[in-house]
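Colleague: Take this structure first; my questions come after.
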Amino acid sequence: MTIGGGDYKISQFLDKSQAKDTEFLSVSSYDEMEKRSKTWGISMTILEEARRFGYAKYDSFENFDCISLEMPDFHNIMISYGSVIIYLEKGRAFFFTSQKQRVMDILEESAKNLGERISLNRIIYLFFESQTRKDYEVFDTIEKEIMDLEQLLITSQRHNCVSDIISLRKRLMFLKRFYEQFLNVLDILGENENGIFDGKTLRSFKMLNRRTERRFQSVLNLRDSVTQVRESYEAEVDINLNSTMKVFTVVTTIFLPLTLIVGWYGMNFNMPEYGWEYGYHFVIVISIIFIVAGVYFFKKNKWF
């Protein structure tokens, strides 16, 4: 890829060898990786190792860097758009990816936005920046879900929130893992051991690093919020369980005297009441009195 001004598309310059003083960019699929690595003298072992790694990883070697990225889909954070390996030398960048067209679209859009200020360093920076460009959407969505869930718990309109809480925790776990590894890449990239990036681009990467750190902190804050919702839900479940046990305890206590009476007159003895004409009715009246007295007592003390 020749860097210069004008109205063009990056795809017009892909895979065209240039003079030594120009900058070169190539995008290839994983199917083309072995062939391209032989053409450009790139270690296939390093590329394969980078391909096996998930999310984000940065390896710095002598005179070149190798970066592996998982391109997140912030509309469905549980999956990704695919992975990409970026092999960087000073003035040259080689992209190997499972989503060739998507990577080319991002690079072409970056070049279009840069206009006459285009350079290989700026295009690489914008590619990294694009990986988190729409992450605010997922944060807004998750925050709204948490607030709605809290509202449902407060108003007791939702009795089973387990599936929603698990879904939120899974998505935040994926975000946390992505940002942790993406921050590691940005930290190592800022060291610029092989002198690939100029000072202006490094400053841009530092700003991206700070913005990503804020996003990572937002993930941690949202995770804490979900934990609070889970604790509130567990407290609500405990309260409901206690209320149920309270009712059973009250009912058991009310009928406990009746159990005593049944046990008393169930004994195999010839009691005097057996020969009394009103003995049966007396037991019924006593039982009713115990029930009414128990209900009145518990109602008066507001125990149920």
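The values are calculated or read from the model by the stated rules, or taken from the named source; none is laboratory data. Computed from a predicted model, the values in this text were never measured in an experiment. Positions of Cβ are backbone-derived with ideal geometry, glycine not excepted, and every protein chain shown enters the neighbour counts. The protein model used for the area step is the full one, side chains on, heavy atoms only, and it has no ligands, DNA or RNA in it. Shrake-Rupley method; radii C 1.70, N 1.55, O 1.52, S 1.80 Å.
Colleague: Per residue of the chain, what 222 nm ellipticity follows from adding -39500 (n - 2.57) for every DSSP H run with n ≥ 4, rounded to the nearest 500? Walk me through the numbers before you get to the answer.
Modeller: Working: 8 runs with 182 residues, N = 304.
Result for the chain: -21000 deg cm²/dmol, rounded to the nearest 500.
Colleague: Another question, if that's okay. Ignoring solvent entirely, what values of log10 I(q)/I(0) come out of the Debye formula for the stretch 53-175 at 0.16, 0.19 Å⁻¹ when each Cα is a single scatterer?
Modeller: -0.85, -1.06
Colleague: Pick out which of Leu114, Leu189, Leu25 has the largest mean-square fluctuation in a Gaussian network model of the chain, springs linking Cα atoms closer than 10 Å.
Modeller: Of Leu114, Leu189, Leu25, the Gaussian network model singles out Leu114 as fluctuating most.
Colleague: If I model a spin label at Asn270 and Gln151 as a point 7 Å from the Cα along the Cα→Cβ vector, what separation in nanometres do I get?
Modeller: 7.7
Colleague: What is the chain's relative contact order, in percent, from Cα pairs under 8 angstrom and six or more apart in sequence? Mind showing how you got there, number by number?
Modeller: Working: 327 pairs, mean separation 47.6, N = 304.
Result for the chain is 16 percent.
Colleague: Here's a follow-up. I'd like to check one number: the per residue accessible area of the chain, probe 1.4 Å, reported in Å² as a whole number.
Modeller: Details: 18030 Å² over 304 residues.
That works out to 59 Å² for each residue.
Colleague: A further question on this structure: Based on C-alpha coordinates, I'd like the Rg and Dmax of the stretch 176-304, in Å.
Modeller: Considering the stretch 176-304 through its Cα atoms, Rg and Dmax are 36.1, 111 Å.
Colleague: Right, here's the next one. Of the options Asn221, Ile42, Thr244, report the single residue whose Cα projects farthest towards the positive end of the charge dipole of the chain (beta-carbon charges: Lys, Arg +1; Asp, Glu -1).
Modeller: Result: Asn221.
Colleague: Ok, one more. Using only Cα atoms, tell me the angle between helix 199-265 and the longest principal axis of the chain; keep it within 0 to 90° and round to the nearest 10.
Modeller: 10
Colleague: Over 18 Å between C-alpha atoms is what I'm after, so list which of Lys246/Lys299; Lys246/Lys300; Lys57/Lys112 land there. Show your work: numbers first, answer last.
Modeller: Numbers: Lys246/Lys299 13 Å; Lys246/Lys300 16 Å; Lys57/Lys112 28 Å.
As for pairs spanning more than 18 Å Cα to Cα, those are Lys57/Lys112.
Colleague: Let me ask something else. Can you grab the distance from the C-alpha centre of the stretch 244-304 to the C-alpha centre of the stretch 57-111, Å, no decimals?
Modeller: Computed from Cα coordinates, the inter-centre distance equals 79 Å.
Colleague: Here's something else I'd like to know. Between the helical axis of 120-130 and the dominant principal axis of the chain, each derived from Cα atoms, what acute angle in degrees is found, rounded to the nearest 10?
Modeller: Roughly 10 degrees between the two axes.
Colleague: Which FRET efficiency value, to the nearest 0.05, is calculated for Met173 and Leu258 with the Förster distance at 45 angstrom and r the Cβ-Cβ distance?
Modeller: On the way: r = 55 Å, r/R0 = 1.22.
In this case the efficiency is close to 0.25.
Colleague: Pick from Ser28, Ser167, Ser243: which is most flexible by mean-square fluctuation in a GNM of the chain where alpha carbon atoms under 10 Å apart are linked?
Modeller: Ser243
Colleague: By how many degrees, between 0 and 90 and to the nearest 10, does the Cα long axis of helix 162-191 differ from the longest principal axis of the chain?
Modeller: Helix 162-191 and the main axis of the chain meet at about 30 degrees.
Colleague: Determine how many Å³ per residue the convex hull of the Cα atoms of the chain encloses. Spell out each step's value before the answer.
Modeller: On the way: hull volume 62.5 nm³, N = 304.
Dividing the Cα hull volume of the chain by its residue count gives 206 Å³.
Colleague: Between the stretch 112-133 and the stretch 176-214, what is the separation of their alpha carbon centroids in Å?
Modeller: A separation of 14 Å, based on Cα centres.
Colleague: Right, something else. Mind checking the stretch 231-304 for trypsin sites (Lys or Arg not before Pro) that DSSP puts in a loop (not H, G, I, E or B) and that have at most 15 other Cβ atoms within 10 Å?
Modeller: Working: sites: Lys246, Lys299, Lys300, Lys302; in loops: Lys302.
Taking the stretch 231-304 and a limit of 15 other Cβ atoms within 10 Å, the loop trypsin sites (Lys or Arg not before Pro) found are Lys302.
Colleague: Let me ask you something else. Can you list the GluC sites (Glu not before Pro) in the stretch 51-98 that are in a DSSP coil and have 10 or fewer other beta carbons within 10 angstrom? Don't skip to the end; give the middle numbers.
Modeller: On the way: sites: Glu62, Glu70, Glu89; in loops: Glu62.
Qualifying residues, ordered by number: Glu62.
Colleague: Give me the percent of the accessible area of the chain that comes from carbon and sulfur atoms, probe 1.4 Å, all protein chains in place.
Modeller: Details: 9830 of 18030 Å².
It is 55 percent, rounded to a whole number.
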